[in-house]
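Student: Below is a structure I'd like to ask you about.
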Amino acid sequence: MTDDDRAALESALAALGVEYELFPCDPALADTAAFCAAYGFSPDESANTIVVAGKADPRRYAACIVLAPHRLDVNHAVRDRLGTRKASFASADETRELTGMEIGGVTPFGLPASLPVWVDAAVMTRPRIVLGGGSRSWKVIAAPAILSALPNVEVVDGLASPPG
């Protein structure tokens, strides 16, 4: 992440008026399981931002935020919300093109205004969450209330299923 990228992330975060911490990480350890194991975080506090695509013409997209151990309900909840017959995870290329971010670093901060952000209700029950920081070199640690301060955010019951 360049100094300009970090400055843009910090600017987006500061505008929300919510406390946060930027946590540097080795880009090779940015994927959730490796990050949690290397830095001592619980997967239960890791909230992944996943871009999904509704198969329509034109394609429809949303960013979904779910706790790492939970399973995003792409085939029902996401598809129904997108209003399409089929939905899937956006490819790495689509994610990069749409957000300017690499998988493993996607953050809800600084996403295009046209992209809805859906947060699984379970995310909001955690005392703190760890989110991507816009690159594979940074994470953002904050109370889940930081998500409520974003535009285009909707908390959704049943967006994901808990493990087991």
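Student: Return yes or no: is ALA77 assigned to a loop (DSSP other than H, G, I, E, B), over 20 Å from GLY105 (Cβ atoms) and of a type in the set (A, V, I, L, M, F, W, C)?
Tutor: no
Student: Additional query: Would a scan of region 69-89 turn up a residue that is without any contact (Cβ under 8 Å) to a residue 40 or more places away in the chain, β-branched (Val, Ile, Thr) and open to solvent by 30 Å² or more (accessible area, probe 1.4 Å)? Reasoning before the result, please.
Tutor: First, pick out the residues of region 69-89 that are without any contact (Cβ under 8 Å) to a residue 40 or more places away in the chain: 74-76, 79-80, 82-89.
Imposing the further condition that a residue be β-branched (Val, Ile, Thr) reduces the set to 74, 84.
From what is left, the residues that are open to solvent by 30 Å² or more (accessible area, probe 1.4 Å) are none.
So far as region 69-89 goes, no, none of its residues is without any contact (Cβ under 8 Å) to a residue 40 or more places away in the chain, β-branched (Val, Ile, Thr) and open to solvent by 30 Å² or more (accessible area, probe 1.4 Å).
Student: Suppose we filter ASP120, ASP57 for residues that are buried (at least 22 other Cβ atoms within 10 Å of the Cβ) and acidic (Asp, Glu); which single one remains?
Tutor: On the way: ASP57 fails: buried (at least 22 other Cβ atoms within 10 Å of the Cβ).
Unique residue meeting the criteria: ASP120.
Student: Between residues in region 44-68 that are part of a helix (DSSP H, G or I) and residues that are modelled with pLDDT of 95 or more and buried (at least 21 other Cβ atoms within 10 Å of the Cβ), which pairs lie under 7 Å by C-beta distance while being six or more apart or on different chains?
Tutor: The qualifying pairs are ASP44/LEU67; GLU45/ILE129; GLU45/VAL130.
Student: Still on this structure, please answer the following. Answer yes or no: is there a residue in region 69-78 that is aliphatic (A, V, I, L, M) and either over 24 Å from SER148 (Cα atoms) or touching a helix residue (DSSP H, G or I) at 6+ places or on another chain (Cβ under 8 Å) (or both).
Tutor: Start the filter on region 69-78 by keeping residues that are aliphatic (A, V, I, L, M), which leaves 72, 74, 77-78.
With either over 24 Å from SER148 (Cα atoms) or touching a helix residue (DSSP H, G or I) at 6+ places or on another chain (Cβ under 8 Å) (or both) added as a condition, the list becomes 72.
Looking for residues that are aliphatic (A, V, I, L, M) and either over 24 Å from SER148 (Cα atoms) or touching a helix residue (DSSP H, G or I) at 6+ places or on another chain (Cβ under 8 Å) (or both), one finds at least one in region 69-78, hence yes.
Student: Quick one: would you say PRO127 is modelled with pLDDT under 95 and open to solvent by 40 Å² or more (accessible area, probe 1.4 Å)?
Tutor: Working: modelled with pLDDT under 95: no; open to solvent by 40 Å² or more (accessible area, probe 1.4 Å): yes.
Answer is no for this residue.
Student: Which of the residues belonging to region 1-43 are open to solvent by 80 Å² or more (accessible area, probe 1.4 Å), acidic (Asp, Glu) and without any contact (Cβ under 8 Å) to a residue 40 or more places away in the chain?
Tutor: Across region 1-43, the qualifying residues are ASP3, ASP4.
The values are calculated or read from the model by the stated rules, or taken from the named source; none is laboratory data. Keep in mind it's a predicted model, so treat the numbers as computed, not measured. Note that we place each Cβ from the backbone using ideal geometry, even for glycine, and neighbour counts take in every protein chain shown. What goes into the accessible areas is simple: the full protein's heavy atoms, side chains included, and nothing from ligands, DNA or RNA. Shrake-Rupley method; radii C 1.70, N 1.55, O 1.52, S 1.80 Å.
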